Amino acid sequence: MQATLGHSQACCNISPVVSEGYVPKGLYKELGGKKSYVTGPEEATRGIVAVFDIFGYFDQTLQGADILAASDHHQKYKVFMPDWFNGSPCPAEWDTPNTEEKQKDFGEWFGKKMPQGPAAAFPAYIAALKAANPSITSLRLTGYCWGGKVAEIVTSGEDNPFKTAAACHPAMVDPSGAEKIPVPYILLASGEDPAEDVKQFENKLKVPHHVETFGDQVHGSMTARC
């Protein structure tokens, strides 16, 4: 299948890994009208908002959130992963979309789930997050694949509330968005992501940044394709 709506070719043609048995360490809570997976110590003063890929709350994605919450022994983090798809992520069986019907369903689903929607809803979500978690004094943002595009849009906007941001194997990399990002930024690409777009994005970043490509990893390797 050809890439859809600017998505990467790999994202439209590699099936997610079906992995079962992981027991999440966090809980689901409602924040700002959004179901959110929340993990990490209650006394944490720093928060990370994580934006998943199109497959939503996959076991590997939840495990990644738990790892982020426990990765630093000197600084405690609480991770928040809102459900921007409202319980309707992309069904795993649509990817790889190897029939005309699956291609049609995938295209229609994606057309209704463009990253600009969640990006516009971020201010209200952050306000609710802060009200429910007064101990959190600063926030970071990380996004995976589709969520990487959300991270780019949010941090390059006028109301960016995050001190730093990261995009992991991001979809729809747009170098023109890089020059507007005002905070330290990390972009971690896979060997299947468009190398020229990644290079141009790095060249246009005006802030402290780290851009690295992991050539032996597939697109989606930190979430549903882990």
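Worth a mention:
- The range 77-89 - phi-based ³J(HN,Hα) in whole Hz, Karplus 6.51/-1.76/1.60, Gly and Pro as x: 10, 10, 10, 10, 10, x, 8, 6, 9, 6, x, 10, x
- Overall, the chain carries a charge dipole of about 780 debye about its Cα centre when +1 sits on the Cβ of Lys and Arg and -1 on the Cβ of Asp and Glu, all other atoms neutral.
- Filter on 76/113; 35/112; 113/163; 29/199; 76/149 - keep pairs with C-alpha separation over 28 Å: 76/113; 29/199
- Helical runs assigned H by DSSP (4 residues or longer) give the chain a calculated mean residue ellipticity at 222 nm of -8500 deg cm²/dmol, each run adding -39500 (n - 2.57) before division by the residue total.
- Rounded to 5, percent antiparallel among DSSP beta bridges of the range 27-214: 25
- For residue 211, the amide hydrogen comes within under 5 Å of the amide hydrogens of 187, counting only partners 5 or more places away or on other chains and with H modelled in the peptide plane.
- Matching label, Rg and Dmax of the Cα atoms in Å computed from the structure shown, candidates (i) 17.5, 49; (ii) 16.7, 58; (iii) 16.6, 51: (iii)
- Peptides ranked, highest mean first, by Cβ atoms within 10 Å: ranges 134-145, 61-72: 134-145, 61-72
Coordinate-derived values only; no laboratory data. Given the structure is predicted, the values throughout are model-derived calculations rather than measurements. When we count neighbours, we look across all protein chains shown, and the Cβ atoms used for this are built from the backbone with ideal geometry, even at glycine.
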